[in-house]
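The values are calculated or read from the model by the stated rules, or taken from the named source; none is laboratory data. The structure presented is a predicted model; accordingly, all values stated were derived computationally and were not measured. Virtual Cβ from ideal backbone geometry, glycine too; neighbours counted across all protein chains shown. Surface accessibility is based on the protein's heavy atoms, side chains included, excluding ligands, DNA and RNA. Shrake-Rupley method; radii C 1.70, N 1.55, O 1.52, S 1.80 Å.
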Amino acid sequence: MTSRLANDELTLLHGENNTVRLRPSLRAASKLERLHDGFFNLERRILEFHFGTVREIIMIAATDRQEATAFLAYLDTVPLKHIPDVVIPPILALCKLFLPAPEKSSKPVANPGKPVSWPDYYADLYEKATGWLGWTPDTAWNATPTEIDRAYSGLIAKLKAIHGSSEDEKQPAKTAPDADLADRMKADGLDPQFDREGLRALKMKIASAA
């Protein structure tokens, strides 16, 4: 079972008292993107249920390492066939949160920006958080990409309101990652809502190997 908090934290729950909170922080996004040389490979390993990868994701994204260690220790006592249902869907949901949520806008963006690599994109968010916004490095690393993106947009809107801008339409669009994570998952057959048939097949495979 999984619950989602307003600040984009996800809570993994197994049993009555075994929980761990996962946060899609900039630090977690940067580390996990590099874990298997890109999100594509990371997502593949999640769907194939490489338990070592799942353990690393939980440890990296956990808000409390002791909580994560205790949760993983508990999972070691649970039959393997019962684990995918608990961890795979929420971890895929976590991956979706590594890209800022789209802003609500009535005006279409003519120029979506020049594609950049994921490491460059996250470096740009860090620079905006520590440079433009004046956040400490620790605050920047613990903020989510959406939080940084919204705060930066709010700062730009404030500066425009104070100083005005006659060049609004000429301003270059924000750079964007090489592809939207959700769209990329769909294109590769990795449904962000998770393939339930695939999960059932995986559980049958695990059960037969047990």
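In the stretch 114-123, which residues are exposed (fewer than 15 other Cβ atoms within 10 Å of the Cβ) and not polar (S, T, N, Q)? Let's see the steps before the verdict.
Taking the stretch 114-123 as the starting set, the residues that turn out to be exposed (fewer than 15 other Cβ atoms within 10 Å of the Cβ) are 114-115, 117, 119-120, 123.
If the condition is that a residue be exposed (fewer than 15 other Cβ atoms within 10 Å of the Cβ) and not polar (S, T, N, Q), then LYS114, PRO115, PRO119, ASP120, ALA123 are the ones that fit.
Among (1) touching a residue at least 40 places away in the same chain (Cβ under 8 Å); (2) under 30 Å from LEU155 (Cβ atoms), where does GLY131 come up short?
Of the numbered conditions (1) touching a residue at least 40 places away in the same chain (Cβ under 8 Å); (2) under 30 Å from LEU155 (Cβ atoms), the odd one out for GLY131 is (1).
Of the numbered conditions (1) open to solvent by 50 Å² or more (accessible area, probe 1.4 Å); (2) modelled with pLDDT under 85, ALA161 satisfies every one except a single condition; which is it?
The number of the failed condition is (2).
Can you say whether ASP149 is at pLDDT 85 or above, in contact with a strand residue (DSSP E or B) (Cβ under 9 Å, 6 or more places away or on another chain), farther than 30 Å from PRO79 by Cα and charged (D, E, K, R), as far as the supplied structure shows?
Answer is no for this residue.
Please work out which residue is nearest to ILE88 (Cα to Cα), limiting yourself to the stretch 23-59 and to residues that are surrounded by fewer than 20 Cβ atoms within 10 Å (Cβ to Cβ) and aromatic (Phe, Trp, Tyr).
Result: PHE49.
Could you say which residue among THR2, THR19, THR77 is at pLDDT below 90, over 14 Å from the mean Cα position of the chain (by Cα) and open to solvent by 40 Å² or more (accessible area, probe 1.4 Å)?
Matching residue, one of THR2, THR19, THR77: THR2.
Can we say SER106 is farther than 30 Å from GLY15 by Cβ, modelled with pLDDT under 90 and exposed (fewer than 15 other Cβ atoms within 10 Å of the Cβ)?
Considered against the rule, which asks whether it is farther than 30 Å from GLY15 by Cβ, modelled with pLDDT under 90 and exposed (fewer than 15 other Cβ atoms within 10 Å of the Cβ), SER106 comes out as yes.
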